[in-house]
Structure formats: C-alpha cells, structure tokens
1. So, R0 is 22 Å and r is the distance between the beta-carbons of SER56 and ASN84; what FRET efficiency does that work out to, to 0.05?
2. Just to be sure I understand the model, the point goes 7 Å from the Cα along the line to the Cβ. What's the resulting SER96 to ASN111 distance in nm?
3. Got the relative contact order for the range 64-129 handy, in percent, Cα pairs under 8 Å and 6 or more residues apart?
4. Can you give the net charge of the other residues whose Cβ lies under 10 Å from the Cβ of ILE67, counting K and R as +1 and D and E as -1?
Amino acid sequence: MRMSDRGQRQWRGRACGRVFAGLASVLGLLAIAGCASGGKASIQSGARVVKTGTGSFDYTVPADGEIWVYDANSDRLIVLAGVNHGQTVHVDAAASEVRVDDKVVSHHPINSGHQYRIYYERTAQASGR
C-alpha cells in the first residue's frame, strides 16, 4: 500500500517538527545548565575581577566586552553577557536579577549574604585604523 504524496508530506512535516522540537529542548537545557552550574571554570582566563560585593551593587563598563557574574560562596556562574562601553551592570539581590542597563539578563536567586564578583574582559579591537 502506497501513501499519497499529500500523506507523505504530512508525515515528513510531523517528523521534522518533532526532531526540531527535541533538538531545541536539548539545546535549551544545555544553555541553562551551563550558566547555572559552570562555576569559576566557565570564566575566561583573561577576565579580571572588577567589582566585588554583597546584596546589590553596580559596575559601569569601560569598553565593549563581556562580563561574568559569579557567586563566590556557591561557586556558581550567574550570568555571562556581552556589554558595550558605558553600560551599567546591576546586581540586584532584592529583585534576584542581574541587569545590563535596564535589560534583565539573569533572573536567578541572589542571596544578599553571598559575595558576588563581576569579571570583565575587553573585546579585542579590530586592527587596521
């Protein structure tokens, strides 16, 4: 018994949809697990500590680059985010979030008694000026 062309297209469409949905779920779980449990080993070796604090505190970025917010008490990476010159990183214990300017980049529990560190690494500038 042979399936009609329409039946074959419908079957292929459902199968592809399941494959893509499964792949998206796996990638999403890997991304969440990577940020929530990476610890200090997830921070680039060239990044340096630019601000340390408990509770709520801010750091203004001097140039384009990346920041990592790290919970030193639980060895947990809270967030990795790209940042631009002049943006302010807000670690807000009361709201349990990290913001870059007004954009929430992480919404994980932040213990006001823990020590948090902001690591920063400047992005390499393109040569040829």
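1. 0.50
2. Simple spin-label model gives 1.4 nm for this pair.
3. Result for the range 64-129 is 37 percent.
4. It works out to a net charge of -1.
Where a number appears in this text, it was derived from the coordinates with a stated rule and is not lab data. Quick caveat, the model's predicted, so the values are computed rather than measured. Positions of Cβ are generated from backbone atoms using ideal geometry, with glycine treated the same way; all protein chains shown enter the neighbour counts.
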